[in-house]
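Some notes on the structure that comes next.
The values are calculated or read from the model by the stated rules, or taken from the named source; none is laboratory data. This structure is a prediction, so every number in the text was calculated from the model and none was measured. Cβ placement follows ideal geometry from the backbone for every residue including glycine, while neighbour counts extend to all protein chains displayed. Heads up: the accessible areas ignore ligands, DNA and RNA and are worked out on the full protein's heavy atoms, side chains in. Shrake-Rupley method; radii C 1.70, N 1.55, O 1.52, S 1.80 Å.
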Amino acid sequence: MDSVYVSCPELENKRFLLRFISIDDCDDLLKVYSDKKAVPLFNSDNCGGDNFYYKTRERMKEALDYWKFEYDRKGFVRWSIIDKKDNSAIGTIELFNRESKDYFNNCGLLRLDLRSDYETKDNIIDILKIIIDKTYQMFECSMIATKALPIAKERMNALKELGFSPAENKLIGHDGTEYSSYYFIKM
């Protein structure tokens, strides 16, 4: 299998398609990243102060350009989540192999950003089932971790049903900041 950074795979089930982000997703993704109910659930840990609340098409395009830049330099992969029913982007998944000196070393760190009307246990399970098992090989990791804040009840329930456990350990940012509310699963 080619590296995920050489050939980004498309992954799908009956309801959703995960494919590499595209500028064509800009308008749909603006609905996600300007969704005031959704933004508080996003993981902006270690993101240099970006809270992922974007109000303009120009700012959304800048984010897409930056995500493409990070992919090209092998920083992370960001997939658009496409609802096949109406062929629209309803969120994104970011993944990368995190190398660190804390508990979350050799970890596939997963960020899931969803439009608020898709933030349900069943949707989250359907989306994550597409990618979880493939993450270990694509990112050569032994663990997957993702953040779920206490206000994200649907997400927490979905993660528990998928076999994730709440992490006792904090994720330590590159500047020493400690981040909590992570869930993890090991191979």
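Descriptive notes on the structure:
- In the assembled protein chains, V6 presents an accessible area of approximately 100 Å² (probe radius 1.4 Å).
- Summed over the residues of segment 1-125 and divided among them, the accessible surface reaches 49 Å² per residue at a probe radius of 1.4 Å.
- Projected label distance in nm at Y53 and Y5, using a 7 Å step from Cα toward the beta-carbon: 3.3
- The label point for N106 and the one for Y179, both projected 7 Å from the Cα toward the Cβ, are 2.2 nm apart.
- Dipole magnitude of segment 28-187 about its Cα centre (Cβ charges: Lys, Arg +1; Asp, Glu -1), debye to nearest 20: 180
- For S88, the residues whose modelled amide H falls within less than 5 Å of its own, excluding neighbours fewer than 5 places apart on the same chain, are D83.
- For segment 63-85 versus segment 103-173, the spacing of their alpha-carbon centroids is 17 Å.
- Exposure ranking of K170, K14, K85 by accessible area [1.4 Å probe, largest first]: K14, K85, K170
- Accessible surface of R59 - all protein chains present, 1.4 Å probe, nearest 10 Å²: 80
- 24 Å Cα-Cα threshold exceeded, pairs from K14/K134; K55/K121; K121/K147; K37/K61: K55/K121
- A simple rule links phi to the HN-Hα coupling: the Karplus curve 6.51 cos²θ - 1.76 cosθ + 1.60 with θ = phi - 60°, which for segment 40-49 gives x, 8, 6, 9, 10, 4, 6, 10, x, x Hz, with x for Gly and Pro.
- Carbon plus sulfur fraction of accessible area for segment 42-187, probe 1.4 Å, in percent: 47
- Hydrodynamic radius of the chain per Kirkwood, over alpha carbon pairs, in Å: 16.6
- Solvent-accessible ranking of Y118, Y179, Y103, largest area first, probe 1.4 Å: Y103, Y179, Y118
- Given the chain, longest segment not containing exposed loop GluC sites (Glu not before Pro) (DSSP; at most 12 other Cβ within 10 Å): 11-98
- M143 accessible area, assembled protein chains, probe 1.4 Å, Å²: 10
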